[in-house]
Amino acid sequence: MSPSHARPGFWLSALLVLQKDLLIEWRSRARLNALVFFALSTLLLFSFALGADTRILGRSAGGYLWLAIMFASVLALGESFRVENENGALDGLRLLPVDPRAIFVGKATGNAALLMVVAVVLVPVTLAVYDVRPLEGLPRLGGVLALGCLGISAPGTMYAAITSRSRAKDVLLPLLLFPILIPALIACSKAATLVLHGDAMQELRSWTGLLLGFNAAYWSLGILLFPSIIED
Amino acid sequence: MSTAPAIDAVDLSRRYGMRWALARISLRLDQGQSLLLTGHNGSGKTTLLRVLAGAVPASTGRASIFGLDLAKQRFEVRQRVGLLTHANALYEDLSAQENLLVPARLLGVPQPSARAAALLAKVGLEGRAKDSVRQFSAGMRKRLSIARLLLKNPALALFDEPFGELDPGGIEQMESVIRELQQAGTTVVLATHLIEQGQSLCSRRLHLSGGRAAQA
């Protein structure tokens, strides 16, 4: 009779939740495709709105890249909890029971991974459409993208869980999330711009430092608050 | 396991907004006993089962499950309780097998693949193991959620309308699963409108009306 066998610890539980989320995304690839196309359209719309002046386009490329990722994140985050609420699956996880903090870490990491996939697709398009080259190298751009996606997904997963049972969730999520993301958006845009156009004044370190701080704050808050968020 | 009662609830109530879905229910059920919950739609059966499973907290009153305080030891209570409800906790995009493997790994079940295969065979879904749940009928989903519950091997099994959506063969299979659990010493609480079926499985009965215990 239960509980008779050793249950996985915190990190293994988080890893299993992540594995489950990635498997669901893989099974329903149409959702990922839609997300990528939405982000691509956003990126292209910015370039149409600004006209054909490649100097203006290039100067703001980092900002537009992050705006496209941020807009796409709302779709991804909302979807990750729609799947959990569809048949009361989140209740199923809670009642197994799985440590809610492990659920948060697993889901937030899964959401960050999804955003990184979107970012990886967007980068070559940004470089081509906005006619820019990463002067500080692609690895640095990759680092900024990883930090930014992790920074969006931690508060995003928290707010997606809060709004997921509300009728107006599609409106509420961006309304609550976007103001929180402003410091991350500024840091991501500045850091990406420095990587693309060169970092003559050695400013990149301070912007990535801000991103690291933002990540530390919101991942800690998520781990701390998520149990209260998903418990009735 | 201790000899504490499986359920010991005193004045258990649950309010949603201004409405009391459950009002001052007191209940004691010893280990291995079975209880039939009856009542009209909206009488509080589902709420009582969800409170006892630790899915939602009681608004007032107290309860212990196998001697564990439901309010303070919710995680430990959940380890011992299995709940089968209308919401089947299944992932539509995963296959039947994957829907069992995910909780099996999270529960730390040894040899999860073999256990999932055995349970799928038990509920008659071995031929559909690789199919996505999205393609399943309501009855097949119910069978799969029974397998999910059995995976946990609960000491207290709570069934909310277990016979709903099942064909006659499925109902027979569900009865046999419940009897097997009872023979293994599992305490069972069964909420159903099929009173005849329920009475054949349970020795005690609690009728609810408007969230309160009432005469049937």
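Bear in mind that the values in this text are calculations on the coordinates, not laboratory data. None of the values given here were measured: they were computed from a predicted structure. With ideal geometry, Cβ positions are generated from the backbone for all residues, glycine too; neighbour counts draw on all protein chains shown.
Of note:
- Mean separation of Cα contacts under 8 Å, 6 or more apart, over the residue count of the range A:28-95: relative contact order %: 36 percent
- Shape call, the range B:38-93: gyration tensor on alpha carbons, a/c limit 1.5: oblate
- Cross-link pairs beyond the 25 Å C-alpha cut-off, checked among A:K107/B:K122; A:K20/B:K72; B:K122/B:K152; B:K122/B:K142; A:K20/B:K45: A:K107/B:K122; A:K20/B:K72; A:K20/B:K45
- Among beta bridges from DSSP that stay inside the protein assembly as shown, the antiparallel ones total about 50%.
- Over chain B, relative contact order from alpha-carbon pairs under 8 Å, at least 6 apart, %: 30 percent
- Dividing the summed helix terms, -39500 (n - 2.57) for each DSSP H run of n ≥ 4, by the number of residues in chain B produces a 222 nm estimate of -10500 deg cm²/dmol to the nearest 500.
- Coordinate range along principal axes, alpha carbons of the protein assembly as shown, Å, largest first: 81, 46, 37
- Extents of the range B:140-216, largest first, come to 34, 27, 21 Å (Cα atoms, principal axes, whole angstrom).
- Top of A:L138, A:L22, A:L40 by mean-square fluctuation, Gaussian network on chain A, Cα under 10 Å: A:L138
- Relative to its residue count, chain A spans a Cα convex hull of 127 Å³ per residue.
- The slack in the chain from A:R55 to A:S206, taken as 0.36 nm per residue of separation less the alpha-carbon distance, amounts to 51.8 nm.
- Proximal charge balance of A:T163 [Cβ under 9 Å; K/R count +1, D/E count -1]: +1
- Among A:V117, A:I186, A:A72 - extreme Cα towards positive end, dipole of chain A, charges at beta-carbon: A:V117
- A:T163, A:T42 arranged by Cβ crowding within 10 Å, fewest neighbours leading: A:T42, A:T163
- Per-q log10 I(q)/I(0), the range A:35-160, q = 0.09, 0.23 Å⁻¹ (Debye; single scatterer per alpha-carbon; no solvent): -0.31, -1.29
- Crossing angle, helix A:138-163 versus chain A [Cα axis fit, 0-90 degrees, rounded to tens]: 40 degrees
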